[in-house]
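What follows is a single structure, written as structure tokens, with notes after it.
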Amino acid sequence: MTEKLRNEDDLTGVTRLVRLEIANARRALDGMGEDPLLAVHEARKSIKRARSIARLLRESDREVASLVNAAARRAGHVLAEARDADSLEQLARAMVRDCDDEAARPALAELAAQARADRERIDRATAARQAARALDEMDRALACLPMPDDVPDVVARGMARTYRRAAKRLDKAQSAPDGERLHELRKRTQDWRYQAVALKRAWPDEVERRKSQTDALADLLGLHHDLSRLARRLDDLADADAAIERVEARCEALAAEALERAEAVFSTRPKKVKKALKSGFRDAG
């Protein structure tokens, strides 16, 4: 769950939220020995939330903010291999279970077995240590990030930038809805979702109006990304045409649904959103 501003917080509490997410990621990594799949999943989510929320303070000092962002990127990157292997195996097994096409089932089962073997070869303990070191770097960089004189203005500009980038990614995805462009839209959608929920108290009506659509959009784009990776892996297997056709048809349907939802989430003009943000955050202090 994304950390949120408390009722007694003003917008200077944004830094506190980032540190809470860093602490959540560390706790998840501590559980690597007990449940490695859950540990990787929860740690990566907290790292993504920390990185997204920290971007709200980008305008306070861009150089220091870039150090915070780079450390968060490294922390997520060292866990990416484990997460990708975990999700690929789970998705392939689910497709085998639900597949009613006997021609597609063997390739999906073979890929599930390959993904399981990949997952078992990953050195999760080393990945956890490397991620923890990157989180330490992020924490140190965050301590150097100055609190701006006009926090509401900086935070509003940070969130408006996120919205503007998401709207641009939507335009590109609509013109050519390939896997790469939809993945870029997904990343910016996640930033917007995490920031909006974290600052819910400061902008409650708008968050509530968009939240369910944003959650659904992020989930659709996440599934599309995972299925696109699965299709690429299937392409390396013999006799996988039926499975590839099945996966690509599902990707096409997901892309159409995601773009329709994205239009609802990011249809407001960025300048209007920025004005609403500045007004709302100014009132919140």
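The values are calculated or read from the model by the stated rules, or taken from the named source; none is laboratory data. Just so it is clear, the model here is predicted, and its values are computed rather than measured. Cβ placement follows ideal geometry from the backbone for every residue including glycine, while neighbour counts extend to all protein chains displayed. SASA here: full protein model, heavy atoms, side chains in, ligands and nucleic acids out. Shrake-Rupley method; radii C 1.70, N 1.55, O 1.52, S 1.80 Å.
Miscellaneous remarks
- Selected residue (criterion: farthest from the chain's Cα centre (by Cα)) from residues of segment 70-105 that are open to solvent by 80 Å² or more (accessible area, probe 1.4 Å) and farther than 30 Å from Asn24 by Cα: Glu102
- Qualifying residue in segment 238-256 (condition: touching a residue at least 12 places away in the same chain (Cβ under 8 Å) and closer than 21 Å to Lys211 by Cβ): yes
- Among the residues listed as Arg169, Arg124, Arg164, Arg193, the single one being in contact (Cβ under 8 Å) with a residue 24 or more places away in the chain, more than 30 Å from Leu38 (Cα to Cα), open to solvent by 20 Å² or more (accessible area, probe 1.4 Å) and not aromatic (Phe, Trp, Tyr): Arg164
- Qualifying positions in segment 231-278 - hydroxyl-bearing (Ser, Thr, Tyr) and surrounded by 13 or more Cβ atoms within 10 Å (Cβ to Cβ): Thr268
- Among the criteria (1) surrounded by fewer than 17 Cβ atoms within 10 Å (Cβ to Cβ); (2) at pLDDT below 95; (3) not small (Gly, Ala, Ser), the one Leu17 does not fulfil is (1).
- For the condition at negative phi, outside any helix (DSSP H, G or I) and either open to solvent by 10 Å² or more (accessible area, probe 1.4 Å) or not aromatic (Phe, Trp, Tyr) (or both), Pro152 does not qualify.
- Scanning segment 20-38 for residues that are open to solvent by less than 40 Å² (accessible area, probe 1.4 Å) and modelled with pLDDT of 95 or more turns up Glu21, Ile22, Ala23, Asn24, Ala25, Ala28, Leu29.
- Applying the criterion of at least 3 residues that are touching a helix residue (DSSP H, G or I) at 6+ places or on another chain (Cβ under 8 Å) and of a type in the set (Ser, Thr, Tyr) to the helices (runs of 4 or more DSSP H) found wholly in segment 195-285 leaves an empty list.
- Considering segment 39-69, the residues that are under 16 Å from the mean Cα position of the chain (by Cα) and open to solvent by 20 Å² or more (accessible area, probe 1.4 Å) include one that is farthest from Asp86 (Cα to Cα), namely Arg55.
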